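Step one of this worksheet: look at the structure below.
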Amino acid sequence: MSKLLSPVDIAGLSLKNRVVMSPMCLFDVQKKDGVLTPVHFAHYITRAMGQVGLLIMESTAVDPDGGITEHDLGLWNDQQKEKLSELVTDVHQIGSKIGVQLNHAGRKAENAERPVAPSAIAYDKDWRTPASLTTQEISKIVDEFGAAAKRAQEAGIDMIDIHGAHGYLLDQFLSPEVNQHIDEYGGSLEKRYRIIKEVIASIKANFNGSLWIRLSLTDYIDNQNPLDEWKQVGQWLQRDGIDLIDVSTGGLFPVSPDFPVHDGYQTLFATEMKQAVDIPVSTVGLLDNPGLSEYILQNDQADLILEGRGLMRNPNWVAYAAKELHDHDLENYSYNHSYYRGLKNI
Ligand SMILES: Cc1cc2nc3c(=O)[nH]c(=O)nc-3n(C[C@H](O)[C@H](O)[C@H](O)COP(=O)(O)O)c2cc1C
């Protein structure tokens with residue numbers, strides 16, 4: 001059997017295979033209330049029926065002003081929690097695990113009444129200049145991550161992916177370019193890391209499932225943390241109780257990679273992180289060739305494969321991978337419609 005499609009245990013989280021659905025916003029909350037819609041149910045249930053081991057739900061705001069857009073999911077109130085709990089039940093009935101990505105978009109919160117960031121530096125010339133957060137406001141956001149985690153726990157969620165990448169608030173704090181805070185949350189790398197340390201503690205006090213974090217290991221700009229500093233961050237994350245580091249790149253400024261983008265182009269960053277920590281590391285980015293994903297796992301370049309647009313295009317990507325990798329039993333298993341039993345929302 002291929003490594004890609006064989007089961008794995010990540011710090012107590014048992015997955016039936018190493019295919020994880022990468023968080024991807026649908027921007028489908030027409031009512032702007034952060035509550036899951038029928039489209040979300042169809043979207044996630046279809047991928048669970050496609051036998052994806054773990055679905056990581058899209059960026060979900062911890063604060064009404066922390067969404068990437070006003071059409072994002074949220075987890076700042078109980079109405080959002082109740083609907084989430086229904087989806088979790090459905091996905092579990094089909095046999096997949098489900099996680100949620102908690103986020104505050106900071107200066108990239110397009111529709112925020114008052115966008116905030118470590119410092120008053122806009123994302124781009126057409127974007128509003130954010131207000132620089134006070135220490136009190138930072139504490140409130142840290143608490144909001146904890147409150148959202150408590151709701152995730154009550155809803156039965158298996159894992160939380162902290163969004164520390166793609167230029168959103170926590171990534172903004174880590175950046176020497178964007179974080180010009182001159183207090184205990186800015187300056188040295190350790191001070192820029194402080195909010196993440198507090199967010200982890202706040203989540204762990206309220207949630208006992210698996211805890212991952214997504215990081216962007218390069219921003220494709222000059223003034224950024226060198227890889228050695230990212231590795232130091234990785235060691236702090238391990239010390240502070242993170243179970244897996246989910247390695248991505250970019251998003252802090254509207255700039256593209258400074259090299260031709262190719263299949264698996266971000267995996268070298270995951271492999272670098274893997275050399276620095278003793279916890280699993282996942283990779284993402286143009287990995288919809290199953291042979292390449294299998295090669296990455298076989299060569300210990302990463303421990304899990306996150307699949308984004310491949311799963312958008314083809315909810316049965318696992319069956320496709322089974323066919324490509326000659327796992328014929330699994331290919332048939334993926335088509336077994338008996339898993340549809342018991343669903344109430346489709
Ligand atoms: C429509 C869309 C929405 C996305 N939303 C998120 C998100 O909510 N959170 C996140 O961390 N990444 C998000 N991403 C990035 C994906 O998770 C993934 O890292 C990226 O698409 C590269 O993987 P792929 O080549 O397999 O698509 C999004 C990507 C797409 C295409």
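Test GLY34 against the stated conditions and say whether it is within 16 Å of the ligand (Cβ to nearest atom), farther than 30 Å from GLN298 by Cα and either touching a Gly at 6+ places or on another chain (Cβ under 6 Å) or open to solvent by 30 Å² or more (accessible area, probe 1.4 Å) (or both).
Judged against the criteria, GLY34 is a match.
Has region 155-172 got any residue that is more than 16 Å from the ligand (Cβ to nearest atom), within 25 Å of LYS81 (Cα to Cα) and part of a helix (DSSP H, G or I)?
Within region 155-172, one or more residues are more than 16 Å from the ligand (Cβ to nearest atom), within 25 Å of LYS81 (Cα to Cα) and part of a helix (DSSP H, G or I).
Tally up the residues in region 173-224 that are open to solvent by less than 10 Å² (accessible area, probe 1.4 Å), under 16 Å from ARG107 (Cβ atoms) and of a type in the set (A, V, I, L, M, F, W, C), please.
Number satisfying all stated conditions: 4.
Give, as residue ranges, the helices (runs of 4 or more DSSP H) completely inside region 272-324 that count at least 1 residues that are within 15 Å of the ligand (Cβ to nearest atom) and closer than 20 Å to ASP9 by Cα.
Fully inside region 272-324 and qualifying: 290-298, 317-324.
State all residues of region 1-43 that are out of contact with any strand residue (DSSP E or B) (no Cβ under 8 Å at 6 or more places or on another chain) and in a loop (DSSP other than H, G, I, E, B); if no residue qualifies, say none.
MET1, SER2, LYS3, SER6, LYS16, PHE27, ASP28, GLN30, LYS31, LYS32, THR37
Of these, GLU294, GLU272, which one is touching a residue at least 40 places away in the same chain (Cβ under 8 Å), closer than 30 Å to ALA319 by Cα and acidic (Asp, Glu)?
Of the residues listed, the single one that is touching a residue at least 40 places away in the same chain (Cβ under 8 Å), closer than 30 Å to ALA319 by Cα and acidic (Asp, Glu) is GLU294.
From the list ASP246, ASP278, ASP228, exactly one residue is under 19 Å from ASP300 (Cβ atoms) and either out of contact with any Lys or Arg (no Cβ under 9 Å at 6 or more places or on another chain) or open to solvent by 30 Å² or more (accessible area, probe 1.4 Å) (or both). Which is it?
ASP278
(1) touching a helix residue (DSSP H, G or I) at 6+ places or on another chain (Cβ under 8 Å); (2) surrounded by fewer than 24 Cβ atoms within 10 Å (Cβ to Cβ): which one isn't true of VAL116, the others all being true?
With respect to (1) touching a helix residue (DSSP H, G or I) at 6+ places or on another chain (Cβ under 8 Å); (2) surrounded by fewer than 24 Cβ atoms within 10 Å (Cβ to Cβ), VAL116 is out only on (2).
Under the condition of being under 19 Å from GLY167 (Cα atoms) and charged (D, E, K, R), which residue from region 245-269 is modelled with the highest pLDDT?
ASP246
Of all residues in region 184-233, count the ones that are within 27 Å of ALA148 (Cα to Cα) and either of a type in the set (Ser, Thr, Tyr) or within 16 Å of the chain's Cα centre (by Cα) (or both).
Summing the residues that are within 27 Å of ALA148 (Cα to Cα) and either of a type in the set (Ser, Thr, Tyr) or within 16 Å of the chain's Cα centre (by Cα) (or both) in region 184-233 gives 16.
Pick out the one residue from LYS125, LYS97 that is away from the ligand (no atom under 16 Å from the Cβ) and within 16 Å of the chain's Cα centre (by Cα).
Criteria check complete, one pass: LYS97.
Within region 37-79, which residues are touching a residue at least 12 places away in the same chain (Cβ under 8 Å), of a type in the set (S, T, N, Q) and open to solvent by 10 Å² or more (accessible area, probe 1.4 Å)?
THR46, THR69, ASN77, GLN79
The values are calculated or read from the model by the stated rules, or taken from the named source; none is laboratory data. In this text, all values refer to a predicted model and were calculated from it rather than measured experimentally. Don't worry about glycine lacking a Cβ; one is built from the backbone with ideal geometry, like all the others, and counts go over all protein chains shown. Surface accessibility is based on the protein's heavy atoms, side chains included, excluding ligands, DNA and RNA. Shrake-Rupley method; radii C 1.70, N 1.55, O 1.52, S 1.80 Å.
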